[in-house]
Amino acid sequence: MSVLASKSFTEPEEVREFPHGHVDLVTVGDTTVGRAEFEPGWRWTQDVKPIAGTDSCQAAHTGYILSGRMHVVMDDGAEGEAGPGEALMVEPGHDAWVVGDEPCVMVDFTGLRDYAKK
């Protein structure tokens with residue numbers, strides 16, 4: 001038996017807002033997919049850390065950047081940056097922030113089920 005499921009981000013099942021951004025969530029099958037919009041000035045340690053209650057982001061992210069740029073620094077000091085048209089994978093234990101004055105919009109397939117959940 002084949003199963004086909006789709007949902008639109010124009011009508012997300014849940015929206016989680018935080019300073020300088022928000023995440024729209026849909027669940028397709030067993031997978032929660034998020035479309036995150038991070039505004040210029042967003043930084044995980046300033047805007048999500050108070051919600052998460054951890055020293056660094058403990059979510060693993062596998063995503064695709066639609067627009068804007070994101071800089072990531074791992075707890076061990078490794079760092080990198082991703083922008084439009086790039087797929088990325090980030091392990092738990094990191095800080096991140098928007099680079100420049102354009103919002104960073106990304107789709108995340110693994111790390112937003114519990115992200116910024118109050």
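The values are calculated or read from the model by the stated rules, or taken from the named source; none is laboratory data. Everything numeric here is computed off the predicted structure, so don't read it as measured data. Cβ sites come from the backbone with ideal geometry, for glycine too, and all protein chains shown count toward neighbours. Protein only, heavy atoms only, side chains kept; ligands, DNA and RNA dropped before computing areas. Shrake-Rupley method; radii C 1.70, N 1.55, O 1.52, S 1.80 Å.
Look through segment 76-92, keep the residues that are assigned to a loop (DSSP other than H, G, I, E, B) and in contact with a strand residue (DSSP E or B) (Cβ under 6 Å, 6 or more places away or on another chain), and return whichever of them is least open to solvent (accessible area, probe 1.4 Å).
Restricting attention to segment 76-92, the residues satisfying the condition of being assigned to a loop (DSSP other than H, G, I, E, B) are 76-78, 83-86, 91-92.
Imposing the further condition that a residue be in contact with a strand residue (DSSP E or B) (Cβ under 6 Å, 6 or more places away or on another chain) reduces the set to 83-84, 86.
Numbers: Gly83: 1, Pro84: 77, Glu86: 76 Å².
Among those residues, the one meeting the criterion is Gly83.
Under the condition of being in contact (Cβ under 8 Å) with a residue 60 or more places away in the chain and in contact with a strand residue (DSSP E or B) (Cβ under 8 Å, 6 or more places away or on another chain), which residue from segment 47-74 is surrounded by the most Cβ atoms within 10 Å (Cβ to Cβ)? Steps first, answer last, please.
Quick first cut of segment 47-74, residues in contact (Cβ under 8 Å) with a residue 60 or more places away in the chain only: 48, 51-52.
Then drop every residue that is not in contact with a strand residue (DSSP E or B) (Cβ under 8 Å, 6 or more places away or on another chain), which leaves 48, 51.
Working: Val48: 24, Ile51: 14.
The residue in question is Val48.
Is at least one residue of segment 98-110 outside any loop (DSSP other than H, G, I, E, B), touching a helix residue (DSSP H, G or I) at 6+ places or on another chain (Cβ under 6 Å) and surrounded by 14 or more Cβ atoms within 10 Å (Cβ to Cβ)? Show your work before the answer.
Taking segment 98-110 first, the residues outside any loop (DSSP other than H, G, I, E, B) are 98-99, 104-108.
Then drop every residue that is not touching a helix residue (DSSP H, G or I) at 6+ places or on another chain (Cβ under 6 Å), which leaves none.
The answer is no, given that none of the residues of segment 98-110 is outside any loop (DSSP other than H, G, I, E, B), touching a helix residue (DSSP H, G or I) at 6+ places or on another chain (Cβ under 6 Å) and surrounded by 14 or more Cβ atoms within 10 Å (Cβ to Cβ).
Pull out all pairs, ordered by first then second residue, where Cβ-Cβ is under 6 Å, the residues are six or more apart or on different chains, the first lies in segment 98-116 and is among the small types (Gly, Ala, Ser), and the second is at pLDDT 95 or above and outside any loop (DSSP other than H, G, I, E, B).
Close Cβ pairs satisfying both conditions: Gly100/Arg69; Gly111/His61; Ala116/Arg16; Ala116/Phe18; Ala116/Ile51.
Tally time: how many residues in segment 36-57 are under 16 Å from His71 (Cα atoms) and assigned to a loop (DSSP other than H, G, I, E, B)? Walk me through how you get there before you give the answer.
Taking segment 36-57 first, the residues under 16 Å from His71 (Cα atoms) are 36-48, 56-57.
Those still in the list that are assigned to a loop (DSSP other than H, G, I, E, B) too: 39-42, 48, 56.
Result for segment 36-57: 6.
Can you name the residue in segment 1-35 that is free of Cβ contacts under 8 Å to residues at least 12 places away in the same chain and either part of a loop (DSSP other than H, G, I, E, B) or touching an Asp or Glu at 6+ places or on another chain (Cβ under 7 Å) (or both) and is also surrounded by the most Cβ atoms within 10 Å (Cβ to Cβ) among such residues?
That would be Val15.
Filter segment 37-46 down to the residues that are touching a residue at least 60 places away in the same chain (Cβ under 8 Å) and in contact with an Asp or Glu (Cβ under 6 Å, 6 or more places away or on another chain) and list them by number.
Pro40 - this is the single residue of segment 37-46 that is touching a residue at least 60 places away in the same chain (Cβ under 8 Å) and in contact with an Asp or Glu (Cβ under 6 Å, 6 or more places away or on another chain).
Please go through segment 82-105 and pick out each residue that is acidic (Asp, Glu) and farther than 16 Å from Cys57 by Cα.
Step one: list which residues in segment 82-105 are acidic (Asp, Glu), which gives 86, 91, 95, 101-102.
Those that are acidic (Asp, Glu) and farther than 16 Å from Cys57 by Cα: Glu86, Asp101, Glu102.
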